[in-house]
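Enquirer: Mind having a look at this structure? Questions to follow.
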């Protein structure tokens, strides 16, 4: 809201971040672990006085420099570029809060560059102890980069007390700092060993192929096995909502975890078979498989870590759509269109309803949802919903789905957003429902005929306990109540609307009780965000009413993403009835 | 009056003077490395295409240095970009988004160019006559990045253009049609060419006692390039000055005493540097030219604050002080520099 939104409706910024970030972490963890790998590979060559291993180490160092110095470092800058474009408010917040952390990371980046170049170009030209020392300087500088970035991105997931006091050190050494650091260190070693395995497998020297794939495999297995308890430690450091998302509440995370697990298991298996037990010698294929597995492990980990922050981009501080948590109440009061900076349609009118709705979509939904295309297309996600159902859904979106931020703004703005989504995208009606229209008409008539002398509140008692017929008669004989009033002179229809309005004022419970629960409406309000009526007809087939009601009351047992139906017993029955024959009902 | 769209800045943890100091300390380093890269590339291409063993040797030496230079262009660019985001985040994030679809292209273009530079270096001999064409592609890609940077750095100083966002939300707004753009961009690039000449002289001096021909040739070519393009750049510099909007131009012509003194100092340094260059006193030329680059970056900073002063001045940034992280950074910097000095010394010892 403070910054403009770079709007590519069919692509979305999230996918661009993911593309750059996942490839970056795959190489940047290599840049950390690879330093250690090179040192121990060189030490092995020195210990065994092996020219061949030294030669392999040098060639691997060249591959290392080409990959980490170019692709690794530039995609690192690339992440900074893309997050500043996609989420400038959060980027600015992190840059300003942790500027000296970033600046210190820059110092280690300079040291890394110098050390990497000296290490590579001075191979064989420097005495080996100095050369190894340069290797250690490289590794320590690279690990310190990890140390610093780990502190800052950890604060985004587990801010702890930093969310309140903004103290640099409290944010940096946040609750997940150490588990994450240890976990990443082991993963970095594992990834670096997979790259080492890859280099060795493609060596033209058969002895090196055997010797160094085995050496690499032991490093990879050690890294992977040590990462398991570190990963568990990391999980225990997560706050309860994030842990719930990781354990099944988030569909994004649930769909990604299996890839990481399969990657880890396959990696372990291939390393054991080809390098430790040496049952199979088709090393090049194994090397490619191992790299792909390592990519799956780190990719799914980063994906899960990012998704576990939802609905926040900076946990407890700023929602994914850049709205700060502590500003929500004020914006709800003043209206989003009035509060945000980059808005064209500040006043809602019937003419600009869809345009304002689109602006609200861009500012509040586009951070995660694309339009008409892409992975999280809002058009397909809302295709079952009516305007009425969508408004209700938007207003309680954060309660229904914790990982989505709350809609921030007035109810008229929520209605405008829903109007854009159902009207513009699906061509469905988005005007007020007949009941709402009648209520609006009654309020308008009250405004025109009564409000010069009476406030609506004053008439609550006057109409309490009266039947509609009595109010209607009273409106025709107002002059009998007071000389100052004239009988209501509008049309019969208008009198009917005003009568209903006044009756509702004094007797809200009677009004509500008069309407039996409507299964179709209940379905729209509670189910249509995810299900079409025909889908549920299948699920309900063959079930008795009592079984259906029981199922509605225990939806959380079917899926972690659902909550049990929370309406009254009458409503549960009406909904069950609708579900059992929705198509017939529609007809 | 038209509505201005300027975001609220975030708070800063130390006095803004610290960030301005660090920005002005690191930005000249980026410029010097960028100059060595652009100027070096142009000279390498020309020398390589020119043919002959010494020219070819010079091109090869530049090719060898190029990946290292690019690494430092990037690294020395990171620090000033960080500090400019701290000081002027509300402007630079906005302008980056306004040109987002181009701005993000900087990354793939840079990766491509960087690998091209490694190709030119590692395969210099194998590429043969094809080599200079690879270098030319690298040069064009790097110039494209410079073009996008110039667009962004100018656009961030023009907040009255920010409302254009509503007509193009897909990040395709550039500022090259602004009267100041082309002289600004060309001044920077011709300056890079000139400084690249001095970089080439330096490269010739590495192990110059082993290859006297190369040393003499690189000094001749480098100083010629420096003198020629510095003279041309004086003309472009005046074009740049004249292209500035009135108040900004006047800033250096008497309206602001300090800015005017800085401008006079820069003009004096230009005279001195040309004198040293023409009389072939390399080290004096290099020292004066580096000083001139530093003075020019000060003038550039002045120009930016002048553009923005109606909307924002740095003292408006809200300070929420916490100085211990600054101390941590300074200690890290000192240790890092000591480490680098040790490694360079060990390298020199090993090479001797």
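Enquirer: Looking only at region A:334-347, filter to residues that are surrounded by fewer than 17 Cβ atoms within 10 Å (Cβ to Cβ), away from every other protein chain (no Cβ under 11 Å) and touching a helix residue (DSSP H, G or I) at 6+ places or on another chain (Cβ under 9 Å); which one of those is nearest to residue A:397 (Cα to Cα)?
Expert: A:338
Enquirer: Any residue at all in region A:11-18 that is away from chain B (no Cβ under 11 Å) and within 29 Å of residue A:215 (Cα to Cα)?
Expert: no
Enquirer: So which residues in region A:401-423 are closer than 19 Å to residue A:316 by Cα and out of contact with any helix residue (DSSP H, G or I) (no Cβ under 7 Å at 6 or more places or on another chain)?
Expert: A:401
Enquirer: Do the conditions hold for residue B:175, that is, is it closer than 30 Å to residue A:87 by Cα, more than 14 Å from chain A (Cβ to nearest Cβ), in contact with a helix residue (DSSP H, G or I) (Cβ under 6 Å, 6 or more places away or on another chain) and not in a helix (DSSP H, G or I)? Quick ask: steps written out before the conclusion?
Expert: Values: closer than 30 Å to residue A:87 by Cα: yes; more than 14 Å from chain A (Cβ to nearest Cβ): yes; in contact with a helix residue (DSSP H, G or I) (Cβ under 6 Å, 6 or more places away or on another chain): yes; not in a helix (DSSP H, G or I): yes.
Criteria met by residue B:175.
Yes/no per residue for (1) surrounded by 19 or more Cβ atoms within 10 Å (Cβ to Cβ); (2) outside any loop (DSSP other than H, G, I, E, B); (3) within 14 Å of chain A (Cβ to nearest Cβ); (4) over 22 Å from the mean Cα position of the chain (by Cα):
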| residue | (1), (2), (3), (4) |
| --- | --- |
| B:4 | no, no, yes, yes |
| B:22 | yes, yes, yes, no |
| B:27 | yes, yes, yes, no |
| B:31 | yes, yes, no, no |
| B:43 | yes, yes, no, no |
| B:49 | no, yes, no, yes |
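Enquirer: Separate question: Scan region A:194-209 for residues that are in a helix (DSSP H, G or I) and either under 36 Å from the mean Cα position of the chain (by Cα) or crowded, with 17+ Cβ neighbours inside 10 Å (or both) and report the count.
Expert: Count: 10.
Enquirer: All but one of (1) surrounded by fewer than 23 Cβ atoms within 10 Å (Cβ to Cβ); (2) at pLDDT 95 or above hold for residue A:215, so report the exception by its number.
Expert: Of (1) surrounded by fewer than 23 Cβ atoms within 10 Å (Cβ to Cβ); (2) at pLDDT 95 or above, only one is false for residue A:215: (2).
Enquirer: Of the numbered conditions (1) buried (at least 17 other Cβ atoms within 10 Å of the Cβ); (2) touching a helix residue (DSSP H, G or I) at 6+ places or on another chain (Cβ under 6 Å); (3) modelled with pLDDT under 95, residue A:317 satisfies every one except a single condition; which is it?
Expert: The failed condition is (3).
Enquirer: Could you list, in sequence order, the residues of region A:14-28 that are more than 17 Å from residue A:77 (Cβ to Cβ) and either modelled with pLDDT of 95 or more or buried (at least 20 other Cβ atoms within 10 Å of the Cβ) (or both)?
Expert: Hit for region A:14-28 is A:14, nothing else.
Enquirer: For residue B:265, state whether it is surrounded by 12 or more Cβ atoms within 10 Å (Cβ to Cβ), within 14 Å of chain A (Cβ to nearest Cβ) and in contact (Cβ under 8 Å) with a residue 24 or more places away in the chain.
Expert: Working: surrounded by 12 or more Cβ atoms within 10 Å (Cβ to Cβ): yes; within 14 Å of chain A (Cβ to nearest Cβ): no; in contact (Cβ under 8 Å) with a residue 24 or more places away in the chain: yes.
When the stated conditions are applied, residue B:265 does not pass them.
Enquirer: For region B:204-228, give me the residue count where each residue is in contact with a helix residue (DSSP H, G or I) (Cβ under 6 Å, 6 or more places away or on another chain), surrounded by fewer than 22 Cβ atoms within 10 Å (Cβ to Cβ) and touching a residue at least 60 places away in the same chain (Cβ under 8 Å).
Expert: The qualifying residues number 3.
Enquirer: Looking for whichever is more than 30 Å from residue A:275 (Cα to Cα) and either in contact with a strand residue (DSSP E or B) (Cβ under 7 Å, 6 or more places away or on another chain) or not in a loop (DSSP other than H, G, I, E, B) (or both) here; the options are A:153, A:228. Which one fits?
Expert: That would be A:153, the only listed residue that is more than 30 Å from residue A:275 (Cα to Cα) and either in contact with a strand residue (DSSP E or B) (Cβ under 7 Å, 6 or more places away or on another chain) or not in a loop (DSSP other than H, G, I, E, B) (or both).
Enquirer: Just checking, how many residues over region B:170-180 are surrounded by 19 or more Cβ atoms within 10 Å (Cβ to Cβ) and more than 29 Å from residue A:359 (Cα to Cα)?
Expert: 1
Enquirer: Please note which helices (runs of 4 or more DSSP H) are completely contained in region B:54-159 and include at least 2 residues that are within 8 Å of chain A (Cβ to nearest Cβ). Quick ask: steps written out before the conclusion?
Expert: On the way: elements: B:100-103, B:106-122, B:124-127, B:131-155.
Counting at least 2 such residues, we get B:100-103, B:106-122.
Enquirer: Condition first: in contact (Cβ under 8 Å) with a residue 60 or more places away in the chain and more than 16 Å from residue A:198 (Cα to Cα). Now tell me which residues in region A:255-277 satisfy that. Before you say what the answer is, go through the steps one by one.
Expert: Here is the first cut: in region A:255-277, the residues in contact (Cβ under 8 Å) with a residue 60 or more places away in the chain are A:267, A:271, A:274-276.
Within region A:255-277, no residue meets the criteria.
Enquirer: Follow-up question, since we're still on this one. Hey, can you tell me all the residues within region A:231-242 that are in contact with a helix residue (DSSP H, G or I) (Cβ under 6 Å, 6 or more places away or on another chain) and either on the phi > 0 side of the Ramachandran plot or part of a loop (DSSP other than H, G, I, E, B) (or both)? Before you say what the answer is, go through the steps one by one.
Expert: Within region A:231-242, the first condition is being in contact with a helix residue (DSSP H, G or I) (Cβ under 6 Å, 6 or more places away or on another chain), and the residues that meet it are A:231, A:233-234, A:237, A:242.
If the condition is that a residue be in contact with a helix residue (DSSP H, G or I) (Cβ under 6 Å, 6 or more places away or on another chain) and either on the phi > 0 side of the Ramachandran plot or part of a loop (DSSP other than H, G, I, E, B) (or both), then A:237 is the only one that fits.
Enquirer: While we're looking at this one, here's another question. So residue B:255 fits all but one of (1) surrounded by 12 or more Cβ atoms within 10 Å (Cβ to Cβ); (2) at pLDDT 95 or above; (3) more than 14 Å from chain A (Cβ to nearest Cβ); what number is the exception?
Expert: (2)
Enquirer: May I pose another question? Out of the residues in region B:9-20 that are within 12 Å of another protein chain (Cβ to nearest Cβ) and within 19 Å of residue B:78 (Cα to Cα), state the one that is surrounded by the fewest Cβ atoms within 10 Å (Cβ to Cβ).
Expert: The qualifying residue surrounded by the fewest Cβ atoms within 10 Å (Cβ to Cβ) is B:16.
Enquirer: I'd like to verify a number: residues in region B:296-352 that are closer than 30 Å to residue B:6 by Cβ, more than 7 Å from every other protein chain (Cβ to nearest Cβ), surrounded by 14 or more Cβ atoms within 10 Å (Cβ to Cβ) and without any contact (Cβ under 8 Å) to a residue 40 or more places away in the chain, how many?
Expert: 2
Enquirer: So which of A:360, A:371, A:353, A:390 is in contact (Cβ under 8 Å) with a residue 24 or more places away in the chain, over 23 Å from the mean Cα position of the chain (by Cα), crowded, with 20+ Cβ neighbours inside 10 Å and over 30 Å from residue A:172 (Cα atoms)?
Expert: Of the residues listed, the single one that is in contact (Cβ under 8 Å) with a residue 24 or more places away in the chain, over 23 Å from the mean Cα position of the chain (by Cα), crowded, with 20+ Cβ neighbours inside 10 Å and over 30 Å from residue A:172 (Cα atoms) is A:353.
Listed here are the residues, each with its yes/no results for (1) crowded, with 16+ Cβ neighbours inside 10 Å; (2) at positive phi.
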position: A:244; (1), (2): yes, no
position: A:256; (1), (2): yes, no
position: A:272; (1), (2): no, no
position: A:278; (1), (2): no, yes
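The values are calculated or read from the model by the stated rules, or taken from the named source; none is laboratory data. In this text the structure is predicted, and so the values were computed from the model without any measurement. Every residue, glycine among them, receives a Cβ derived from its backbone with ideal geometry; neighbour counts consider all protein chains shown.
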